[in-house]
2 protein chains.
Amino acid sequence: MTETVTLSLDEAANLARAAFLTSGVTDAHADALTATVMAGQADECHSHGLYRVLGCVRSVKEGKVNPVAEPVVTEPAPAIVKVDANYGFSPLAFRTGLPRLVEKAKAQGLAALAINRCFHFSALWPEVEAVAAHGLAALALTPSHAWVAPAGGTKGVFGTNPIAFAWPRPGGFPFVFDFATSAAARGEIELHRRAGKQIPEGWAIDADGQPTTDPTAAMAGAMLTFGGHKGSALSAMVELMAGPLIGDMTSMESMAFDEGAGAAPCHGELILAFDPERFLGADAVNHVARAETLFDAIVGQGARLPSQRRFAARQRTVIDGVTIPKPLYDDIKALLG
Amino acid sequence: MTETVTLSLDEAANLARAAFLTSGVTDAHADALTATVMAGQADECHSHGLYRVLGCVRSVKEGKVNPVAEPVVTEPAPAIVKVDANYGFSPLAFRTGLPRLVEKAKAQGLAALAINRCFHFSALWPEVEAVAAHGLAALALTPSHAWVAPAGGTKGVFGTNPIAFAWPRPGGFPFVFDFATSAAARGEIELHRRAGKQIPEGWAIDADGQPTTDPTAAMAGAMLTFGGHKGSALSAMVELMAGPLIGDMTSMESMAFDEGAGAAPCHGELILAFDPERFLGADAVNHVARAETLFDAIVGQGARLPSQRRFAARQRTVIDGVTIPKPLYDDIKALLG
C-alpha cells in the first residue's frame, strides 16, 4: 500500500513555492519554478512535478545554481532574442524572454529565443505550449549530459536531447509532443535498477559497447538513441542548434562543467516560434483548417494525438487536485523546517 | 551480369539536360532539374540520380506538371520568402528563392523559404547543402503522399515526410542528414516486391492493419513511421509545418490532387536557415569549434557521421564519372528520339 496526499492546485503551489524559497531563490525564481513544477504535476507527469522541488533545492544548496540570478535580455538580430540566465534556473529566463519572442515572431514571421547558461530540469512542453497560446507554432530543443552514444558508437556523446513541438488549435488544447531522442529517459533506467528489473533491449549498451538489459551495466555504459541512425542524427542536430549555434555548451561540455556533482544540467536552450498569420495573411483561417482535417484523420482511425493523456489529467486535476506519495509530501514539508 | 555505361559528369549532365528538354520544359527548368539529378548521381544516390529523368519527363507528358511555370517570389514578412512554383518542378523554385533566403537569414538571424504548389521528386540534401554553402545552418521539411499510418493507426495519413539538416563546417563538407520519417522508403518496398523478397518487420501493415512482411500486402496497406510514436509525432510536425503553416497541401490532400496518376507529388516545402554569425557575433568562430569537438567525439569512437558515403562518392565521381545500368542509359537516350 502506498500512502498518498491529495492537495488542491493552490495548496500544492503554495507548498512548492514555500519550499523553493527555503533554498534562497528570489521571489521571481520561486514563482517561475512553481509554475513549472505545477504544470507537470497538474498534467500528472509525476517525473516533472512536485518531485522536482527536492532536486532544485538540492542543486541550489550544492552551490551550483545561482539563486538570485537576474536574466539579461539582448537582441543581437531582428529575429533573435537571447536571454542570459546567469547560471540561474531556466524557467525565469524563459518567462523573461517569452514576450519578446512572441513580438518578434509576429513582426518577422518567425523568431528564435536562445537561453544561455541556465540550469535545466523541466520538460519542454510547458514552454512550447506557452508559445502556442499566442497563436504561434513552436519548436524547442535542448541538450543535457553526454549519456547517449551515437549510432555505431559505444561512448556517450549526446544528451537525452528532447525535441518539443506545439501547433496552436482553435478553441482547444494545442497539438503538442515532447520526447527525448534517447530510446528511454535516464530516470526510467534508474527506476528499473531500483525495482530489480531488466531493461528492454535497445535502450543501452554496457561499458564494453555490448547490448545490455542490465540497468546497472547500462548506467555504467551508454544509452542509445531511439530510431537507430535517424534518432542519432536528430540528437546531433539538437546538440548543434541548442549548443554551438547559440554559443552554449554541448552535452559533453555540460557534463564536464558539472564535475560529477549530479546537479541539474547547465547549458542552453533554443525555442523557435512561427506565426501562421505572417506566412498566410488573410487565408490563415482556411489553411489552419487543413491541420484540423489531419488531426481528424488520425483520431478518426482510433489513433491518438500525443499529449492527450496530459490534457485529460489537466482537466481532472483542476477539480480533483493532485495526489502525491506521502513520503514525497513529507520530504517537501521537511524543507520548510 | 548487369551491363553498365560510364559517363563523365559533363556527359551525364548533357544527356540529362537534353532528355529534360524533350518534355517541353524551359531552359531554366532543364538547368535546375539537371543540377538536381546530377547531384544525386554524383553522390551515387541512384534512386535520386539519372533514374529520375524518366519519371520527370513522364510527369510532364501526363499533363500534371507545368513545364513552362515561372516561379513567383513574394515576401510576406521580413523573415519569410515565399516562392509560388505555379505547378512546376521544385528545383527551379528553390533556386529562385535561395538568394533571398540567404539574405534574409543574414539580416534577421533566421529566415524561412516556403515553396508552394511544386512537383517534388528530389532529395532534400542538395537544398540544405546549398544553404550551408553560405555559412548557414539549414532545416528542410516536405510532405509527400499519404502512405504512412500514424502510430496506433492502420490507414495512411502521413507522407514519407523527410527531414533534412545541414550544419556548415569550416573547410570541408557540411554535417548533413536527410531521412524519411517512414521506416523505409516506398521505393524500397517496391524493390523487395520486384525481387520476390519479404520486407523486414516494422516497415508496414496490411489492409487490415496487421503487421506484414509481404511487400504486396504492404503496398495495399500502410507504411509505418520509424521510431514508433516519436517518428509518428515528427511526421505530423512535417505535415503541419510544410503544409498548413505555408498554406499548402497535406500528404492526404496531395494524394487526392494526384487522382491516381502516380505523378511526382505536388505540395509545398519549408526550408529554414539560421545564421551563426547573427546568433554569436564575433564569438562565432569559437563556438563553431564546439561543433567540431562534437564531430571528433563521434568519429573518434569509430562511429560515422551521416552522408560520409555520399561525400566519398562525390570525390570519386568527379574523377571517374558516373556509372549507370545500360537499360537506364538506353531509356534516356530513347527519349531523344
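Every number here is computed from the coordinates shown, using simple stated rules; none is lab data. Worth saying up front: this structure is predicted, and the values here are computed from it rather than measured. Positions of Cβ are backbone-derived with ideal geometry, glycine not excepted, and every protein chain shown enters the neighbour counts.
Annotations for the structure displayed:
- Taken over the alpha carbons of chain A as equal point scatterers, the Debye sum produces base-10 log I(q)/I(0) values at 0.07, 0.10, 0.15 Å⁻¹ of -0.29, -0.62, -1.41.
- Using a 7 Å Cα-to-Cβ projection, A:Pro76 label spacings across copies, nm, ascending: 2.9
- Centroid-to-centroid, using Cα positions, the stretch B:94-168 and the stretch B:17-40 are 21 Å apart.
- Partner chain coverage, peptide A:261-274 - average Cβ within 10 angstrom: 1
- Packing here is the average count of other Cβ atoms within 10 Å per residue, and on that basis the peptides B:69-79, B:283-293, highest first, run B:69-79, B:283-293.
- Residue pairs, from the table B:Lys82/B:Lys230; A:Lys230/B:Lys106; A:Lys82/B:Lys106; A:Lys64/B:Lys230; A:Lys197/B:Lys155, whose Cα atoms sit over 24 Å apart: B:Lys82/B:Lys230; A:Lys230/B:Lys106; A:Lys64/B:Lys230; A:Lys197/B:Lys155
- Cross-link partners of A:Lys104 among aspartates and glutamates (Cα-Cα below 20 Å; sequence separation of 8 or more within a chain): A:Glu75, A:Asp84, A:Glu127, A:Glu129, A:Glu269, A:Asp275, A:Glu277, B:Glu75, B:Glu103, B:Asp275, B:Glu277
- A straight chain from B:Asp296 to B:Thr216 at 0.36 nm per residue would run longer than the Cα-Cα distance by 24.5 nm.
- Binned Cα-Cα distance frequencies in the stretch A:1-53 - 5 Å width, integer %: 4, 22, 31, 24, 12, 5, 2, 0
- The H on the amide N of B:Thr4, modeled in the peptide plane, is under 5 Å from the matching H of B:Lys326, each at least 5 residues off or on a different chain.
- Where both bridge residues fall in chain A, DSSP classifies roughly 80% of the beta bridges as antiparallel.
- Scanning chain A for the Cβ atom closest to the axis that brings A onto B yields residue and whole-Å distance A:Gly227, 2.
- Across identical copies of the chain, B:Lys61 has label-point separations of 7.8 nm, listed in ascending order, with the point defined 7 angstrom from Cα along Cα→Cβ.
- A label point on A:Asp214, set 7 Å along the Cα-to-Cβ line, lies at 4.4 nm from each of its counterparts in the other copies, closest listed first.
- Around A:Gly159: net Lys/Arg minus Asp/Glu count, Cβ-Cβ under 11 Å: -1
- The protein assembly as shown: radius of gyration and largest Cα-Cα distance (Dmax), Å: 25.3, 90
- Summed over all non-identical Cα pairs, the Kirkwood treatment of the stretch A:183-224 gives a radius of 9.5 Å.
- Inter-chain Cβ neighbour count for B:78-86, averaged per residue, equals 4 (cutoff 10 Å, partner chain atoms only).
- The stretch B:184-238 and the stretch B:253-277 have Cα centres lying 21 Å from one another.
- Shielding by partners, peptide A:286-298 (average Cβ within 10 angstrom, other chains): 6
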